[in-house]
Amino acid sequence: MKLLSLPAKIFTYAFLGTGILTAAEPNTKRLSMPDFCQADTRYGEFPKDGKHHYCAPTAVSNILVYLDTNGFPNMLAPDVPNNYDQFKLIKLLGSDKYMKSAHGTKTSNLMSGLEKYVKERGYKISIQYKNLKHVGKYLVIDKTLKPSWIKNKLDENYECVLGVNFYSRKKKERIGGHYVTVVDFQDNDPLKILVHDPSSRSGIEPKTELWQFIPTKKGLWQIKMSNDKKNRIVILNDVIAFKVRKK
């Protein structure tokens with residue numbers, strides 16, 4: 001762990017420009033994983049301001065639906081879940097019974113809600129977590145939070161949800177956060193991650209996005225997003241890796 005003796009909102013290193021990545025067509029068996037948009041209202045609407053706050057349950061639901069059709073058929077009730085079934089799952093995961101997502105999802109609620117749901121479906125689950133930590137005005141950098149760790153987890157048959165923080169490029173202050181579903185890595189390269197982004201910026205039709213990890217001088221990982229048209233700094237903040245097993 002490394003402790004930076006400067007306010008967490010201040011960055012003293014240079015960031016890359018805002019060029020847009022173009023996602024190449026990947027060669028991966030995991031492309032069948034769903035890509036539900038949290039702003040998609042074709043099947044109904046999420047509670048409160050869900051189109052802005054339901055990224056966590058949406059990102060997790062992509063994985064659970066994928067698992068349902070890949071070895072864990074009791075993950076959802078229908079034999080072959082459709083988009084409406086996934087919409088209902090997202091509403092359930094975001095409810096106070098599970099992730100409490102009405103005003104955004106705390107990571108602790110994401111993990112406890114995920115664990116509760118999977119166990120209720122009759123399966124075992126193990127969860128691992130890596131994150132940056134803010135201790136007062138200090139930012140603690142966990143050197144083990146890096147792209148290669150995510151890739152290793154996928155190689156060990158874990159599923160991963162990736163969390164990012166957005167910072168204003170002008171003031172270097174945090175202006176938001178977001179969760180996405182990890183699909184795979186492009187060409188087995190740990191710096192090129194393929195994700196399904198539940199945000200409206202990715203659109204309501206399924207689309208695999210290519211994001212690129214860029215190391216910074218202070219040990220953080222900047223992310224260059226293929227679908228971000230805003231002038232923001234994007235930083236890897238945390239990763240939830242989990243593996244589901246049969247009892």
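The values are calculated or read from the model by the stated rules, or taken from the named source; none is laboratory data. None of these values were measured; they are calculated from a predicted model. Cβ: placed from backbone, ideal geometry, glycine included. Neighbour counts: every protein chain shown.
Yes or no: the stretch 101-114 includes at least one residue that is among the charged types (D, E, K, R) and surrounded by 15 or more Cβ atoms within 10 Å (Cβ to Cβ). Break it down stepwise before answering.
Going residue by residue through the stretch 101-114, those that are among the charged types (D, E, K, R) are 106.
Next, only the ones that are surrounded by 15 or more Cβ atoms within 10 Å (Cβ to Cβ) stay: none.
Within the stretch 101-114, not a single residue is among the charged types (D, E, K, R) and surrounded by 15 or more Cβ atoms within 10 Å (Cβ to Cβ).
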Against the condition closer than 21 Å to Val195 by Cβ and at pLDDT 95 or above, how does Tyr54 come out, does it pass? yes
Step by step: first the residues of the stretch 185-213, then only those that are touching a Phe, Trp or Tyr at 6+ places or on another chain (Cβ under 7 Å), assigned to a strand (DSSP E or B) and of a type in the set (A, V, I, L, M, F, W, C), then the one that is surrounded by the most Cβ atoms within 10 Å (Cβ to Cβ). Which residue is that? Val195
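For every residue, the table says whether it meets (1) crowded, with 17+ Cβ neighbours inside 10 Å; (2) under 20 Å from the mean Cα position of the chain (by Cα); (3) at pLDDT below 95.
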{"position": "Leu31", "(1), (2), (3)": "no, yes, yes"}
{"position": "Pro34", "(1), (2), (3)": "yes, yes, no"}
{"position": "Gly44", "(1), (2), (3)": "no, no, yes"}
{"position": "Asp49", "(1), (2), (3)": "no, yes, yes"}
{"position": "Asn62", "(1), (2), (3)": "yes, yes, no"}
{"position": "Tyr66", "(1), (2), (3)": "yes, yes, no"}
{"position": "Met75", "(1), (2), (3)": "yes, yes, no"}
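Taking the conditions exactly as written (surrounded by 15 or more Cβ atoms within 10 Å (Cβ to Cβ), modelled with pLDDT of 95 or more and basic (Lys, Arg)), does Lys91 satisfy them or not? Write out each step before concluding.
Working: surrounded by 15 or more Cβ atoms within 10 Å (Cβ to Cβ): yes; modelled with pLDDT of 95 or more: yes; basic (Lys, Arg): yes.
Yes: the conditions hold for Lys91.
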Exactly one of (1) of a type in the set (Val, Ile, Thr); (2) under 26 Å from Met99 (Cα atoms); (3) touching a Leu at 6+ places or on another chain (Cβ under 9 Å) is unmet by Val234. Its number? (3)
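Limited to the stretch 208-227, what total is found for residues that are of a type outside the set (Val, Ile, Thr), within 26 Å of Val140 (Cβ to Cβ) and touching a strand residue (DSSP E or B) at 6+ places or on another chain (Cβ under 9 Å)?
Number of matching residues: 11.
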Exclusive hit being in contact (Cβ under 8 Å) with a residue 40 or more places away in the chain, touching a Lys or Arg at 6+ places or on another chain (Cβ under 7 Å) and basic (Lys, Arg), set Arg174, Arg121: Arg174
For the stretch 147-184, how many residues meet the condition of being outside any strand (DSSP E or B), at positive phi and within 15 Å of the chain's Cα centre (by Cα)? 0
Only one of Val135, Val161 is surrounded by 13 or more Cβ atoms within 10 Å (Cβ to Cβ) and either at pLDDT 95 or above or out of contact with any helix residue (DSSP H, G or I) (no Cβ under 8 Å at 6 or more places or on another chain) (or both). Can you tell me which? Val161
